[in-house]
Amino acid sequence: MEANKEEILNYINKLEIALTRKQEWFNTERLQEMLNHYRMHYTCIKNLNDLFIKKSLIEKDPYKLDRRISDIVPTDTSAFNDSDTPHVLGARLSDYEMMLDFICTYYRFSVENITVSRIKTMLELNKTFDWENLSVNSASMNTKALASVVQSARTNAPAVLMSAINDSLEKSAQSISQINRLLAELIDFQRELYKGRLRKDIFEHPEFNSEFAFSSPENELSEIKRLYTKVIGKKNFYKDLINEIIEEDQGLNGSVLRQNVLNKLEFIPKAKTDAKKKTGPNAQELLTTCLNAFGFFAPVIAQFSAKLRDDFDLLFAEKKNLITKIKNLLRKLFAIPPKTRICNLPVIDSQSGVKSIVKINVNEFLDDIEKKVKIYSSISAHGAEYSKITSKKDVEILNFINTQLKENQQLFTTINSLDDYFKATVEVLLKPKLKGLKVDLSAYRNIIIDINKKRGEYVAFIEEEAQLKKLGIQEQ
């Protein structure tokens with residue numbers, strides 16, 4: 001069945017809007033809910049671990065403080081002898097607790113960060129112990145050993161201690177169940193995100209032959225395969241998802257499948273109430289939340305930095321002839337600094353629509369981006385820069401937020417213009433090597449929108465407080 005090209009292109013536009021909205025919803029609501037469940041689970045595990053050590057049921061891990069964690073790694077689940085339970089279970093519970101601590105404290109809960117491969121790792125970590133079926137007859141050695149230790153801890157335990165153990169086990173089972181449910185939702189969304197981005201990146205590529213591709217399912221698959229590595233890179237080629245794309249485009253019920261995808265991407269935001277809760281957030285909490293959100297910029301801008309360096313190299317690529325090689329050799333021999341690279345970038349103001357030429361010193365521009373990565377990484381990790389900012393007065397922190405927000409809005413416009421400029425200016429033979437920035441720009445824009453929203457909430461709160469004070473009204 002020959003696909004209707006206009007229908008598909010119209011669907012891609014609708015799909016992009018739906019994906020962007022749902023991604024923001026995941027980042028601001030769903031994944032924050034997941035983080036809260038992980039925090040609850042971590043508290044329960046820490047309490048159980050401390051209790052078991054105090055009762056000498058397991059051994060304390062002597063190397064706990066020496067370990068450094070940089071990413072999620074599943075805890076060991078291999079078999080061991082029952083006689084080794086105090087030592088082995090002690091070490092594994094310690095590893096598990098530390099991994100949960102890392103997730104709750106340092107891990108970035110965003111769609112961009114929690115990829116399909118990371119979801120699989122998180123699900124594997126969550127299976128370290130079978131919390132819902134804690135039994136001494138379990139096939140899982142970790143679960144069997146933990147059930148045995150729990151049984152010993154309950155023996156002759158006072159009612160208060162028994163209640164604490166049962167509460168921690170019950171909440172652990174509940175939290176892991178909720179986390180797994182949310183991860184299943186996320187992996188389903190990541191599949192649609194993969195399909196949507198592939199459609200956008202390949203179908204809108206200048207070399208994509210839409211007439212040929214949409215003439216038959218076989219031709220569409222052939223055209224996707226032809227451009228995949230060139231456009232997407234060496235990332236996984238998910239044949240089942242690509243088959244879904246083709247079925248949505250050219251299947252007998254393609255229009256129904258496309259509508260089903262759009263329906264799946266619909267969501268219900270949290271209900272908002274006009275009544276102000278007495279236990280609602282205070283000004284300091286709103287300001288801190290807004291500041292912490294800047295930490296989400298770090299990985300996205302770091303990605304821009306790497307891609308922009310490569311794309312600028314393509315833009316200023318010199319022909320590899322003998323004269324060029326001699327010039328480069330002389331520069332190295334006599335330590336001559338590299339020639340300053342200047343880019344005269346056409347930029348259209350999003351508000352006024354006025355076009356202007358912005359002169360960019362490439363090295364200085366890239367250095368400024370690197371500085372931003374360091375600042376936002378410090379905020380994300382609550383490092384020295386973060387401490388320096390939070391030690392200031394609220395009005396100074398707000399000024400920092402306003403300045404950084406304005407700079408990032410300008411940077412978004414510049415990078416967006418650069419992406420178009422690279423595609424139009426780089427030599428034809430080098431264009432397939434361009435990294436492409438649209439997907440990262442979408443994530444970048446969502447973070448800017450989220451921070452601007454949080455900043456607005458803080459400013460509105462402060463203005464409302466000032467107005468109430470002016471009227472002589474104090475909130476109870």
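The values are calculated or read from the model by the stated rules, or taken from the named source; none is laboratory data. Worth saying up front: this structure is predicted, and the values here are computed from it rather than measured. When we count neighbours, we look across all protein chains shown, and the Cβ atoms used for this are built from the backbone with ideal geometry, even at glycine. Just the protein is used for accessible areas: all its heavy atoms, side chains included, with ligands, DNA and RNA removed. Shrake-Rupley method; radii C 1.70, N 1.55, O 1.52, S 1.80 Å.
Here are some notes:
- Accessible area expressed per residue, the chain, with surrounding protein chains retained (probe 1.4 Å, Å²): 57
- Rounded to the nearest 500, the helix-only mean residue ellipticity at 222 nm of the chain stands at -22000 deg cm²/dmol, with each DSSP H run of n ≥ 4 adding -39,500 (n - 2.57).
- Residue among Ala317, Val428, Leu100 farthest towards the positive dipole end of the chain, charges placed on Cβ: Ala317
- Computed E for Ser305/Thr155 - FRET, C-beta separation, R0 60 angstrom, nearest 0.05: 0.55
- Pairwise Lys count, the range 15-108 - Cα closer than 24 Å, eight or more residues apart or different chains: 6
- Test item: Cα-centred dipole of the range 1-127, Lys/Arg +1 and Asp/Glu -1 on Cβ, debye: 320
- Against the chain, whose longest principal axis comes from its Cα atoms, helix 217-232 is set at around 90 degrees.
- Protein accessible area in the chain, 1.4 Å probe - carbon and sulfur %: 52
- Placing +1 on the Cβ of every Lys and Arg and -1 on the Cβ of every Asp and Glu, with nothing else charged, gives the chain a dipole about its Cα centre of roughly 1420 debye.
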